[in-house]
1. Surrounded by fewer than 16 Cβ atoms within 10 Å (Cβ to Cβ) and either touching a residue at least 60 places away in the same chain (Cβ under 8 Å) or not in a strand (DSSP E or B) (or both): does that describe ASP454?
2. Anything in the stretch 349-366 that is of a type in the set (Val, Ile, Thr), exposed (fewer than 15 other Cβ atoms within 10 Å of the Cβ) and over 17 Å from PHE312 (Cα atoms)? List them, or say none.
3. Hey, among ILE333, ILE316, ILE340, which residue is in a loop (DSSP other than H, G, I, E, B) and at pLDDT 85 or above?
4. Can you tell me which residue among PHE412, PHE455, PHE447 is over 29 Å from the mean Cα position of the chain (by Cα) and aromatic (Phe, Trp, Tyr)?
5. Can you tell me which of (1) assigned to a strand (DSSP E or B); (2) in contact (Cβ under 8 Å) with a residue 24 or more places away in the chain is the one THR97 doesn't meet?
6. Does the stretch 386-426 hold any residues that are touching a residue at least 60 places away in the same chain (Cβ under 8 Å) and outside any strand (DSSP E or B), and which are they?
7. May I ask you to list pairs of residues, at least six apart or on different chains, whose Cβ atoms are under 7 Å apart, with the first in the stretch 65-84 being farther than 13 Å from THR240 by Cα and touching a residue at least 12 places away in the same chain (Cβ under 8 Å) and the second being acidic (Asp, Glu) and buried (at least 20 other Cβ atoms within 10 Å of the Cβ)?
8. Would you confirm, using the coordinates I've provided, whether GLY401 is on the phi > 0 side of the Ramachandran plot and touching an Asp or Glu at 6+ places or on another chain (Cβ under 9 Å)?
Amino acid sequence: MSKNVLILVLLCLILASANLTQKVSASSPKLGIDPLLVERAVTPGNSTSYIVNVQNEDRFQSITLGVAVADLYENINGVYNLIPAGTSNYSLAEWVTFDPEILVIPPASSRQVRVTVTVPRGMFGGRYGAIVLSSVDDQSGGASAPFGFRMASFLELEIVGGAVRREAYISDFTIQPSSALPSIKQRIGDHGIVYSAEVSNTGNIHIIARGSLMIQTAEGRTVARYPMGGGRGIILPENTVALRSVTGQNLPPGEYVARAIIEYGGRRPAVTEVDFSISEQDIDMRAQSTAPLSRFVVEPEQVDIAVRPGAFSSTILELTNRGSEAIEVDSRILPLEFSIYGEFLPEQERGSAPDWITVTPSTFTIAPGRTQRIRLSLRPPREADGGYYGDLLFVSQGDGGTTEIGSNILVFVGNEISKLGRVDIIDIQQHPDYINFDASFTNEGNFHVNVAVDFVLRQVFARYEEEETGRIVPRRTEPLTSITLPTSANPVLPNTSRAFSFQIPTTLAVGTYELAIRVDYGGNEPAVIELPFSIEGGDDLDE
């Protein structure tokens, strides 16, 4: 069935308005701006500077441009729009200085704007804005633009070291025929299905959202899984962007559940599901209830507990209702299990959690803006030893759909913690323009670990003897490229593995090379592997 599925990747350009592109259209002044987007990380009390280059590509006319600062608003499709400076709660307009304020660019020439952003002390989170270039009357004798236009270079600023809060919700989840959305209808016609999860960023910094859509039958059998995307995947604070999947109308008549899983940089994804049905004539729009989805958070998102066999231990979690209506919440405990890529496994692929981990109360109601305290209790049997892992899920089901959040429960029973691990190189594949390296880390201890990975590719120069002097030149290596992966969000549990893939955009010449991977996981020493290989004639790998 998958070969009949039409996936439409909905990507939006970074535009400030319908008239804004990297180069202004032929009917307007011929201008180019670079960079379109600047991403910077700055510590409070410090500054960052950069250059915006503007190119006048008209060979005969000069152009005069005014320079200003604007705030950003992101629409539902992930498109940036310019709004007046100081409008947004996450504006950086007051921190920006630039020079000059007026650009006069001769024909076939370029000019620069130097931009400086100074972050006051005590700031945290993210700030956003744009350097805007617009047409003004040319007082120096050049041609003035007969109409107004604007171009922008966007700035996304992350303030390092402060109190960063990444928090996001799926605020709406709908299923519609493509005929209901003109922008999609004109691409694929009337016979598609559009699954749309609107993700609201309620944190204080931009998030990178990527989603997946799982379609299941009413009996829980998985029918298909698709990616969900929208815009660049960036969602600014206080903005909502729709992540979508567009498929062909290829589901047979029946009852289905659509489950949206949105990863956004938090410890756990945002998860929502809705019911819908397919008939011979139409899609049942029960998924489009006007009732809001539940919005609630749990703290902490991960609980680490060490306990002796046979002993009792407990801790408190807090659930807060961020919505405007009371919600009913049910809880249950599943085994905590991840795929080899660190993603939560579907419930049907997990076993049973230890019955000595319990939660009280298991069902409750939370009023708007109120917090419910939950007691997590455990009493491991006397024969228990090592790591035990639970996934404490809280589910709220309403007219608008079902919302799910959870907390990782990491329990160690015993006295002696053993952290052991090894790294293996699984495969190396060379393609015309890049090389793929696949590796895995295996946790051989009895305790969960978080891993950080460093990858290095070196060229090897063999030991040789100089003919004239007889001097022996020892073997040496020269680093070609390196990649560092940040510490994993989800831990690697005992007796499980985590896969890592690296892609190097290069074609290696004939010669000898060495691949080295280091995994830091908190043990006495890191897990390290080095693998020499050679490139023979015809770009073949000889391991």
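1. Numbers: surrounded by fewer than 16 Cβ atoms within 10 Å (Cβ to Cβ): yes; either touching a residue at least 60 places away in the same chain (Cβ under 8 Å) or not in a strand (DSSP E or B) (or both): yes.
Here the answer is yes, as ASP454 does meet what is asked.
2. If the condition is that a residue be of a type in the set (Val, Ile, Thr), exposed (fewer than 15 other Cβ atoms within 10 Å of the Cβ) and over 17 Å from PHE312 (Cα atoms), then THR363, THR365 are the ones that fit.
3. That would be ILE340, the only listed residue that is in a loop (DSSP other than H, G, I, E, B) and at pLDDT 85 or above.
4. Result: PHE412 is the single residue among PHE412, PHE455, PHE447 that is over 29 Å from the mean Cα position of the chain (by Cα) and aromatic (Phe, Trp, Tyr).
5. (2)
6. Narrowing the stretch 386-426 to residues touching a residue at least 60 places away in the same chain (Cβ under 8 Å): 386-387, 389, 392-415, 419-426.
Across the stretch 386-426, the qualifying residues are ASP399, GLY400, GLY414, ASN415, LYS419, LEU420.
7. ILE83/ASP71; PRO84/ASP71
8. When the stated conditions are applied, GLY401 passes them.
The values are calculated or read from the model by the stated rules, or taken from the named source; none is laboratory data. Please read all numbers here as calculations on a predicted model, not as lab measurements. Heads up, the Cβs are rebuilt from the backbone with ideal geometry, glycines too, and the neighbour counts pull from every protein chain shown.
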